[in-house]
Amino acid sequence: MARITYIEYGGKARTIDVPNGQTVMEGARDNGVVGIEAECGGACACSTCHVYVDPAWIEKLPAKNALEHDMLDFAHDPDPARSRLTCQIRVDHALDGLIVHMPEKQI
């Protein structure tokens, strides 16, 4: 389990305990986090679970695969360094304390 903090565009933060094996997107979706739409359900076929990873966590996450990298081109205002699709980040204890920020909107 990892405690993940989701920060909405307006600054409201929610910290949620997400079980190991789920994705960061599933943790948000299952707990009604505003700003994660996940229209494709986690198939990496859209960019509606886009977030900006807190700078302190960028190097601690697994690298983006080619599909995630391509899908981020469709996200709203992607940041080459900080943008990730939460459906591609699988939770384990090493992510305890992860902080992600929602973009202004999902497209």
Flag for Val34 being in contact (Cβ under 8 Å) with a residue 40 or more places away in the chain and touching a helix residue (DSSP H, G or I) at 6+ places or on another chain (Cβ under 6 Å): no
Residue within segment 13-27 that is within 13 Å of the chain's Cα centre (by Cα) and open to solvent by 70 Å² or more (accessible area, probe 1.4 Å) present: no
Unique residue being among the charged types (D, E, K, R) and in contact with a Ser or Thr (Cβ under 9 Å, 6 or more places away or on another chain) when the list is Asp73, Asp17, Asp92: Asp73
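The values are calculated or read from the model by the stated rules, or taken from the named source; none is laboratory data. It should be emphasised that the depicted structure is a prediction, and the values quoted were computed from it without experimental measurement. Positions of Cβ are backbone-derived with ideal geometry, glycine not excepted, and every protein chain shown enters the neighbour counts. Note: areas computed on protein heavy atoms with side chains; ligands, DNA, RNA excluded. Shrake-Rupley method; radii C 1.70, N 1.55, O 1.52, S 1.80 Å.
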